[in-house]
Structure formats: C-alpha cells, structure tokens
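First the structure, in the form of structure tokens, and then the observations on it.
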Amino acid sequence: MLELLLLLACASILTSGVLAVSLKNLMAAMVSSSLAGLFAAVSFLLLAAPDVAMAEAAIGSGLTTFIFLYAIRKTRSDGDAA
Amino acid sequence: MIRRVIVLFVVGLFAIVFARMIGDYSELQGLRPLAEYFVSRGPVELGVPNIVTGILITYRGFDTLGEVAVLFMVAASVGLLLKKDGQAADTTPADAEEQRPPSEIVSSGATVLLPVIFAFGAYVIMNGHLSAGGGFQGGAIVASGSMLMLLARPDSSLNVAVLSVIESFAGVIYVCIGILGLVLAGGFLDGRFLPLGEFGAFFSAGAVPVISTLLGIKVGAELSVIIDRFRS
C-alpha cells in the first residue's frame, strides 16, 4: 500500500515536472512546478521524513510559487503569448 | 543542431549516472554505523526526542549557522537589487491597474487561517525538539503566513526595519549561545550548559529549544523580508 502510494507520488512529481517545463502558459507552468514540490513533500512524508516534508511544503511549494508569481507579473510584456 | 546534440549528450550522461544508482540500489537492512551512533547517543547526550532537530542544532550547529548566514546574505542582496526607486514605480499606470482588491475567498480565508498558520508556525518552532519540525521549518511556515497576509491585503506593508532589528538580534544571541556552549560545555553551539531536564518535557534538552526559537525568528524574518522585497 505504501509502495503504491509512493509510486503514485513519484509519477505525479514526474508528470507535473514535465508539465512545468512544457506548458506555454507561464501561470499554469508555475502552478505545476509548485505541484511538483507538493508531491515531493508528500513522498518525503511517506518515506517517514516529516521534518524535510515540512520544509519542502512551506518553501518549495509555498514561497517559491509566490516569488514566481510576482516575478511573472513584473516581467510580463504586452506581446506575451501568456 | 549542435545544441540538440549537446543536450542529448548531457541527458545521456545523466541517464547513465541514474541507471547506475538505481541498478545498485538495495534497501538497507539496518542503519549505517555513523547513523547508529547518532541515533543511539543523540537522545542520551542531548535529551532530544527528535533526533533530526538535535543533530541540526547541536552536532551540525555550525553548519546551520552557515545556512542562516547564507539566507541572510540572500535577503540582503535581494533587498539591494530590488530596492524601491523612490515613488516613481508606484505611479505608473500598470501598477495602478494591478492594485485591484483580492478575491473574497483570499481575504476571508486569510482572516480565518492567518492566526492558525502563525500559531502552527510558533508550535513547530517551539516544539522542534519534541516532534517533527524545528526552527527552519517553523520559520518557513511563519513566512508563508506573512505571504498570505500580503496577498490578502495588497496595500499593507511589512515593517522591514523592525524585522531587520529583530533578525539581527536573534543572530547575535544565537552566536552568543554558541560561544556560551564553547565556554561552559563541550564545544561551539553545545546546548548542554543548560540542564537537560526530564526527557520529553517541554523545558528540556538544554539550549536546543532556545536555539531553535532564535533560528525560527531569524528564518521567518528573513523570508518575510525577501517576500516583501519581491512584492514591492
């Protein structure tokens, strides 16, 4: 059961990572990269490392997304396809 | 064309490295000798039920101090690079357009969740020696709370000056505790100059909770300042 969940989490990390690279819409790419961080946190939790999971969830999927959000908003030009 | 080849080459190299790693993988049946030493001696020597925090703050305390110093440098350089250029940036039409109020969900969610997030952050910081967590994680949680606050109230601002003072004081006291450990106990950042107390009690484990709290304050303040800089 644990291994199944872990495989699911790893597959989700892979999927959202690939999506984050390949999506043209910057907002969607940002959300999927933060999803990758969130699934990484879940997998850390499943591997019995709650300390690391906490840091990853707060920094990797919380604060980074926020900083990306502001960076995208500041740098978007009018001719952007996003 | 040549770029494609280089990219393929690098990906192939990574594939070889990871294939070797996965191929040789076998699940460990027990702890490695070093890990076993720390796992068995840590709780006895430090009185810390959560070994991760004990190692991070005591055995590897100097390293943690370095991490916090790096974070401080990041906060300082972000502040330098993203300095506000007077009032010029605030009056452009693009910025005026962006100042629309946050949605109902964000503002009322912040009202409900903010105290909970801050309380949880404080709990994680103070209880780091007993349960999962510690200064770094709790500080990140506190910073994500202030991030939510800034999202919900775009016109509010953090008092960066006060945060900097608090953060610097936390850093100075952190180093002072380290030196106290050097003088009174076994080495730099050794927390055993305070009584170890009862194993598992809130006031226990020597100076570990104190260092953890200072670390949490420092990390929370630094990350909040970074976020505030990115917003402005």
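Applying the Kirkwood pairwise sum to the alpha-carbon positions of segment A:2-75 produces a hydrodynamic radius of 12.5 angstrom.
When B:THR58, A:THR75 are sorted by how many other C-beta atoms sit within 10 angstrom of their C-beta, beginning with the fewest, the order is A:THR75, B:THR58.
Taking every residue in B:141-153 and counting other chain Cβ atoms within 10 Å of its Cβ, the average works out to 3.
Relative to the longest principal axis of the Cα atoms of chain A, the long axis of helix A:26-46 lies at roughly 10 degrees. Over segment B:121-174, the reciprocal of the mean inverse Cα-Cα separation, the Kirkwood hydrodynamic radius, stands at 12.4 Å. Remark: mean inter-chain Cβ contacts per residue of A:67-74 equal 4, using a 10 Å Cβ-Cβ cutoff to other protein chain atoms. With both labels modelled 7 Å from their Cα along Cα-to-Cβ, the A:LEU7 to B:PHE188 distance reads 4.8 nm.
Our note on the geometry: Cα centres of segment A:21-72 and segment B:23-79, 23 Å apart. A helix-only calculation puts chain B at -23000 deg cm²/dmol for mean residue ellipticity at 222 nm, using -39500 (n - 2.57) for each DSSP H run of at least four residues, averaged over all residues. The residue list B:MET149, B:VAL210, B:ILE16 was ranked by how far each Cα lies along the charge dipole of chain B toward its positive end, using unit charges on Cβ atoms, and B:ILE16 comes out on top. Counting only the Cα atoms, segment B:138-232 fills a convex hull of 94 Å³ per residue.
The mean number of partner chain beta-carbon atoms within 10 angstrom of a residue's beta-carbon across peptide B:125-133 is 2. Dividing the alpha-carbon radius of gyration of chain B by the rule-of-thumb value 2.2 N^0.38 Å gives 1.29. Computed about the Cα centre, the dipole magnitude for the protein assembly as shown is approximately 500 debye when only Lys and Arg (+1) and Asp and Glu (-1) carry charge, each at its Cβ.
The value obtained for the protein assembly as shown, namely the Cα convex hull volume divided by the number of residues, is 190 Å³ per residue. Of the residues B:SER26, B:SER212, A:SER61, B:SER156, the one with the fewest other Cβ atoms within 10 Å heads the list, and the complete ranking is B:SER26, B:SER156, A:SER61, B:SER212. Here A:TYR70, B:TYR37, B:TYR123, B:TYR174 are placed in order of increasing Cβ neighbour count within 10 Å, fewest first, which gives B:TYR37, B:TYR123, A:TYR70, B:TYR174.
Just so you know, all these numbers are worked out from the coordinates, no wet-lab data involved. Everything numeric here is computed off the predicted structure, so don't read it as measured data. Cβ coordinates were reconstructed from backbone atoms using ideal geometry, including for glycine residues, and neighbour counts include every protein chain displayed.
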